[in-house]
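The structure appears right after this line, and notes come after that.
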DNA sequence: CAAATAGTTTCGATATGCGTTAAATATTGC
DNA sequence: GCAATATTTAACGCATATCGAAACTATTTG
């Protein structure tokens, strides 16, 4: 039972946050760029980015040429865990079908 | 932009639903069994199962020996899509690092 | 130091989700 | 037909998330 997976999924559950993650796949972006690209106000995007950061999905860096700017980039960890979780389900489907057959015919247990 | 992915993620965002999916990995179960195993009341589990079903993550079957019982089993489609989505992020991390470097040093765009 | 810029945090309002209790539906068994 | 079983649906209250607007922090620029 992975608590961090719950955090990851909760963070990705919001469509705007998932869209933001998709945007970040093309490369790191500034907060303002993300807000504009996602059609969100700056505060809204800021809150979403915070949620993603708390979930460990993105990280924030300050570019050296302007410390006001915040650049966000994806972090691999949580996504890898999510992938592994989703992956683990695969390869079980054939077993599932057999088990379903047995369960339905046998009466469960 | 995959709307179905949003539905999948929203469905999996709830800890109880994710736990239910984890339970179903071991094989199909009756609604009552799932409720008991997850420590939820029957109505609560019923609504979670509905959410999972609407997301296409589980399917419902009636065993022939008792039509009152509903057996739930995992469905592969949405999970596969989720896996593919999470997978697509991987293999981009090295590029991400390069892009971050370029972005930070170059001034962005 | 004042003005402008980038972004975040707070505040108030609305909306959505979850759980429990009670009622309803469908089905089984006597 | 009537009581019991398996599960869902409905109604209510509570907690939480989200948004926009306004205020705030930090930093750059003149």
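Read-outs throughout are calculated quantities, based only on the coordinates presented, and are distinct from any laboratory measurement. Keep in mind the model is a prediction, meaning the values are calculated, not measured. Virtual Cβ from ideal backbone geometry, glycine too; neighbours counted across all protein chains shown.
Averaged across the residues of A:17-30, what count of C-beta atoms belonging to other chains lies within 10 Å of each residue's C-beta? Mind dumping the intermediate values first?
Working: counts 1, 7, 2, 0, 2, 6, 0, 3, 6, 4, 9, 9, 3, 3.
For peptide A:17-30, the averaged partner shielding equals 4.
Let me have the relative contact order for the stretch B:2-63, percent, based on Cα pairs under 8 Å that are six or more residues apart.
Numbers: 33 pairs, mean separation 22.9, N = 62.
Contact order relative to length: 37 percent.
Rg to Rh ratio, the stretch A:10-65, alpha-carbon atoms and Kirkwood radius? Intermediate values should be presented prior to the final figure.
On the way: Rg = 10.5 Å, Rh = 11.2 Å.
Ratio of gyration radius to Kirkwood radius for the stretch A:10-65: 0.93.
If neighbour count is taken as other Cβ atoms inside 10 Å, put B:40, A:49 in order from fewest to most. Kindly include the intermediate steps, with their values, before the conclusion.
Values: B:40 17, A:49 21.
By the 10 Å Cβ count, ascending: B:40, A:49.
Modelling each spin label as a point 7 Å along the Cα-to-Cβ direction, I'd like the residue A:44/residue B:36 distance in nm, to one decimal.
Computed distance between label sites residue A:44 and residue B:36 equals 4.7 nm.
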